[in-house]
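The block underneath contains the structure these notes are about, expressed in structure tokens.
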Amino acid sequence: MGRGFWRDILVVILIVLPTATVSGSQSAAGRSNQEILIQLERDWDQAFHQKDIAFIEKVVADEFIATYDDGARGDRDQELENAATFNKRIDSATLDEFTVKEYGDTAVVWFRKSMTGPMQGRTVTVSVRFVDVFVMRAGRWQCVASQSTRIAD
């Protein structure tokens, strides 16, 4: 193995290495932060319905503040309590209309959630818009603020 071989290896490393590390918006699995945050929102929603408190504890930051669709405010403890005591029947839930904007180690996620289920003896669909603010900490996204607004029927 002569100098030409090692020079060729060095050239390959210098070409490949910057493209592998150039963007902080890529995870080790090659997914963008936008994809990760959208999946995190979907997983959080599923965890809420399944009362997976351990998952939600990892997503919701200690200083988390929520403003709910009825105007009430809650902190991390309230959010965990809401998940633990959730008892409504949801036949289907869809999260869509995602917009994700990144600002350094902070990201804002806007989306719509539509839920269908029984209410007062009939099937209804309720839609809510969310704005969640996430901060990157120790290599993972944590939600520090959330606001939901019910969309008029």
Return only the number of the condition from (1) out of contact with any Lys or Arg (no Cβ under 7 Å at 6 or more places or on another chain); (2) surrounded by 16 or more Cβ atoms within 10 Å (Cβ to Cβ) that Val60 does not satisfy. (1)
What are the pairs with Cβ atoms under 6 angstrom where one residue, in region 35-60, is within 15 Å of Arg112 (Cα to Cα) and modelled with pLDDT of 95 or more and the other, located anywhere, is of a type outside the set (Lys, Arg) and assigned to a helix (DSSP H, G or I)? Sequence gap at least six, or different chains. Trp44/Val59
Identify, please: which residue in region 109-152 is of a type in the set (D, E, K, R) and in contact (Cβ under 8 Å) with a residue 12 or more places away in the chain and is, among those, surrounded by the most Cβ atoms within 10 Å (Cβ to Cβ)? Asp132
Leading residue by the ranking (surrounded by the most Cβ atoms within 10 Å (Cβ to Cβ)) among those in region 63-92 that are modelled with pLDDT of 95 or more and basic (Lys, Arg): Arg76
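The values are calculated or read from the model by the stated rules, or taken from the named source; none is laboratory data. Note that the structure is predicted; figures quoted are calculated from it, not measured. Heads up, the Cβs are rebuilt from the backbone with ideal geometry, glycines too, and the neighbour counts pull from every protein chain shown.
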